[in-house]
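S.K.: Here you go, one structure.
Derivation of every value follows stated rules applied to the coordinates shown; laboratory data play no part. Computed from a prediction, not measured in an experiment: that's the story for all the values here. Cβ placement follows ideal geometry from the backbone for every residue including glycine, while neighbour counts extend to all protein chains displayed.
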Amino acid sequence: MMTKLVLIVDDEEDIREVVRISLEEFAGWQTITATNGVEGLQMAQRQPPDAILLDVSMPDMDGFELCEQLQRHANTRQIPVVVLTAKVLPSDRRRLEELRVAGVITKPFDPLTIWSQIAEILGWS
């Protein structure tokens, strides 16, 4: 099976690091990380990953805006996005559905199982 490449976009260094270790150690996937939406968009366009794990609440460009930007470009439109968020309001759920987000994982998450949640959402298991 080919190794998956997952782009982790989160402004919190601790979260990026915990998720990166989980995906690399337990799932054997490769990861690249971005500290904000702008950087995440540039990385996704330069090296389209197999999936993007995306925080919603970030300064400058939030997760919703990043999803909208990804949808605008042919080379990033098909990348599945899994949202990682502390709070999902009903209005957010509607917006995420409109943006065709693959799934939502709520914080706090379990670092030991987050990789399997992602695999399940994306049908990689």
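S.K.: Determine the principal axes of the Cα atoms in the chain, then give the extent along each, sorted from largest to smallest and rounded to whole angstroms.
M.R.: Extents along the principal axes: 32, 30, 27 Å.
S.K.: Amide H of L84 versus every other amide H placed in the peptide plane: which residues, excluding those fewer than 5 positions away on the same chain, fall under 5 Å?
M.R.: When sequence neighbours closer than 5 places are left aside, the close amide H contacts are L54, D55, V56, I105.
S.K.: Note the full-extension length gain between Q78 and T113 as 0.36 nm times their separation in residues minus their Cα-Cα distance, in nm to one decimal.
M.R.: So the extension gain works out to 10.1 nm.
S.K.: Counting Lys +1, Arg +1, Asp -1, Glu -1, what net charge surrounds F26 among other residues with beta carbon under 14 Å of its beta carbon?
M.R.: Residues near F26 contribute -2 overall.
S.K.: ³J(HN,Hα) across region 21-37 via Karplus (A = 6.51, B = -1.76, C = 1.60, θ = phi - 60°), whole Hz, x for Gly/Pro?
M.R.: 4, 4, 5, 6, 6, 8, 9, x, 8, 8, 9, 10, 10, 10, 8, 7, x
S.K.: Out of T31, T106, P49, whose Cα points farthest toward the positive end of the dipole of the chain (charges: +1 Lys, Arg; -1 Asp, Glu; placed on Cβ)?
M.R.: Checking the options against the dipole of the chain, the answer is P49.
S.K.: Please report the net charge: other residues with Cβ closer than 15 Å to the Cβ of P49, K and R +1, D and E -1. All intermediate terms of the calculation are to be shown ahead of the outcome.
M.R.: On the way: positive: K4, R16, R20, R46, R77; negative: D10, E24, E39, D50.
It works out to a net charge of +1.
S.K.: Hey, what do the phi angles of region 92-108 turn into as Karplus ³J(HN,Hα) couplings, whole Hz, using 6.51/-1.76/1.60 and θ = phi - 60°, x for Gly and Pro?
M.R.: For region 92-108, the Karplus-derived couplings read 5, 4, 4, 5, 5, 5, 4, 7, 6, 5, 5, x, 10, 10, 8, 8, x Hz, x marking Gly and Pro.
S.K.: Please return the longest stretch of the chain lacking exposed loop sites, where trypsin sites (Lys or Arg not before Pro) count only if DSSP places them in a loop and at most 13 other Cβ atoms lie within 10 Å.
M.R.: 1-76
S.K.: Sticking with this structure for a sec: In debye, nearest 20: dipole of region 1-49 around its Cα centre with unit charges on the Cβ of K, R (+) and D, E (-)? Don't jump to the answer; show the numbers that get you there.
M.R.: Working: 4 positive and 9 negative charges, 77 e Å.
Value, rounded to 20: 380 debye.
S.K.: Given the rule -39500 (n - 2.57) for each run of at least 4 DSSP H residues, summed and divided by the residues of the chain, what is its mean residue ellipticity at 222 nm, to the nearest 500 deg cm²/dmol?
M.R.: Mean residue ellipticity, 222 nm, calculated: -11000 deg cm²/dmol.
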